[in-house]
Amino acid sequence: MTGPDLAARLLQQRFDFFTGVPCSLIESLIEALEHDARVGYLPAVREDVAVGVAAGAWLAGRRPVVLMQNSGLGTSLNALASLSLMYGLPVLLVVTWRGYQGKDAPEHLLMGEITPALLQLLGIPHRVLARDSIDADLDWAVHAMDERGAPVALVVPPGVVDPSPAARRATAVAAPAALPIAAMPAEHLHPAPLVARRSRRDAIEAVISSLDDEVAVHANGFICRESFSVKDRAENFYMIGSMGLAAPIGLGMALAAPARRTVVLDGDGNLLMSLGILAMVAAARPARFVHCLFDNEAYGSTGNQASPAREVRLDALAAAAGYRTAAAVTEPGDLREALRAARSREGPHFILVKVTTEEVEAPRIPYPPATIRDRVRASLQRRI
């Protein structure tokens, strides 16, 4: 089975969004997807980030596939458990089986031995893909995804997918030109310290009051709770778990529904957990993507322990990654102006909002995960 053959079969089954982390066992499949103008392939920095991106794409009406090596299955356990499985977000996991039958490099042997057991522990149905049953295996995967409304996996042993010809293997995919460091404004290279003047809730209220029909992804913890206390919206995706995946979920939505503006309400601890997402957003260049980061230099939900944001300007990192604009504000009025500016030009845009560690009593989100999922998906489907 060649990579283009398998890609064609996946497209025939109406899979239309592909992301993941590469493995040599499926290099020809990824190569075929990279060169297919109908769908393309979004390279992810980590497998759990790819799971988050796929979740956002599904909420926006796509049928996603995440490609990963089985080592990445370990990396993505929390994202699968506290996002895909908890909310009920279907995705096809194509998991390569390194360490198959104990024949591989030493670093793959243990993961090869436990791969089927990991999927069983998660409650994710799986089949081992074989050359003589590929169509039947894909039919099973589609039926299982639709019936369960949850992830399923196809495990790919060595030799099922043919490698790329050597001549084509050296062909690189053209990447967009990056913003040279030397061209960055001096304030991003040597930013002045910011002094927080308002609470996070005040800043969140400024964002919420500026929204129209934008879909908004809220990082877990006090961000989603304080936002809910300000104004509940059907367009709000409240994250109950899966810390670090607010921006990946928002990126998936923005790419799957490019006509709709996506706003991510993120926290410094959340972003630092998946810092590579800055490079993914900048490379993908979603035109209607606004990334609002509420930076109180602390992990608020667990007792305000210090975060590394005390020593790092995250807006400078976003600028270095290649966001089209990166602003830093301390006052709600400046935040509203930054949001208005972001609406007037193509993104992606990054707005760092320095806030105090002050907290107010805010209720937990009262909706079960499935209700949060269905409200957001319905609002996206109505307006795409």
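The values are calculated or read from the model by the stated rules, or taken from the named source; none is laboratory data. Because the structure is a prediction, the values reported are computed rather than measured. Here the Cβ positions follow ideal geometry from the backbone for every residue, glycine too, while neighbour counts run over all protein chains shown.
For the list (1) modelled with pLDDT of 95 or more; (2) surrounded by fewer than 24 Cβ atoms within 10 Å (Cβ to Cβ); (3) of a type outside the set (D, E), I need the number of the one condition that L29 fails.
Checking L29 against (1) modelled with pLDDT of 95 or more; (2) surrounded by fewer than 24 Cβ atoms within 10 Å (Cβ to Cβ); (3) of a type outside the set (D, E), the one that fails is (2).
Only one of (1) surrounded by fewer than 20 Cβ atoms within 10 Å (Cβ to Cβ); (2) of a type in the set (V, I, T); (3) closer than 24 Å to R63 by Cα fails for T262. Which number is that?
(1)
Of the residues L272, L293, which single one is without any contact (Cβ under 8 Å) to a residue 60 or more places away in the chain and not aromatic (F, W, Y)?
The match here is L272.
Having 3 or more residues that are surrounded by fewer than 24 Cβ atoms within 10 Å (Cβ to Cβ) is the bar; report the helices (runs of 4 or more DSSP H) wholly within region 192-256 that clear it.
200-210, 222-230
Just checking, which of V53, V65 is assigned to a strand (DSSP E or B), touching a strand residue (DSSP E or B) at 6+ places or on another chain (Cβ under 8 Å) and surrounded by 22 or more Cβ atoms within 10 Å (Cβ to Cβ)?
V65
With V263, V281, V312, V290 as the choices, which residue is in a loop (DSSP other than H, G, I, E, B) and in contact with a Leu (Cβ under 9 Å, 6 or more places away or on another chain)?
Unique residue meeting the criteria: V312.
Working carefully through the options G72, G88, find the one that is small (G, A, S), buried (at least 21 other Cβ atoms within 10 Å of the Cβ) and in contact with a helix residue (DSSP H, G or I) (Cβ under 7 Å, 6 or more places away or on another chain).
It is G72.
If I ask for residues that are buried (at least 22 other Cβ atoms within 10 Å of the Cβ) and part of a helix (DSSP H, G or I), which ones from region 91-120 would you list?
Within region 91-120, T115 is the sole residue that qualifies.
Suppose we filter region 332-379 for residues that are in contact with a helix residue (DSSP H, G or I) (Cβ under 6 Å, 6 or more places away or on another chain) and assigned to a helix (DSSP H, G or I); how many remain?
Number of matching residues: 8.
If only one of V376, V355 is in contact with an Asp or Glu (Cβ under 9 Å, 6 or more places away or on another chain) and closer than 19 Å to N236 by Cα, which one is it?
Answer to the check: V376.
Search region 352-369 for residues that are loosely packed, with under 12 Cβ neighbours inside 10 Å and pair each with any residue that is among the basic types (K, R) when their beta-carbon atoms are under 9 Å apart and the residues are at least 6 apart or on different chains.
Once the first residue is loosely packed, with under 12 Cβ neighbours inside 10 Å and sits in region 352-369, its partners that are among the basic types (K, R) give P363/R225; R364/R225.
Answer yes if at least one residue in region 121-139 is more than 25 Å from M273 (Cβ to Cβ) and either crowded, with 23+ Cβ neighbours inside 10 Å or polar (S, T, N, Q) (or both), and no otherwise.
Yes, some residue in region 121-139 is more than 25 Å from M273 (Cβ to Cβ) and either crowded, with 23+ Cβ neighbours inside 10 Å or polar (S, T, N, Q) (or both).
Among the residues that make up region 280-288, is at least one of them in contact with a His (Cβ under 9 Å, 6 or more places away or on another chain) and either within 22 Å of V66 (Cα to Cα) or among the polar types (S, T, N, Q) (or both)?
Within region 280-288, one or more residues are in contact with a His (Cβ under 9 Å, 6 or more places away or on another chain) and either within 22 Å of V66 (Cα to Cα) or among the polar types (S, T, N, Q) (or both).
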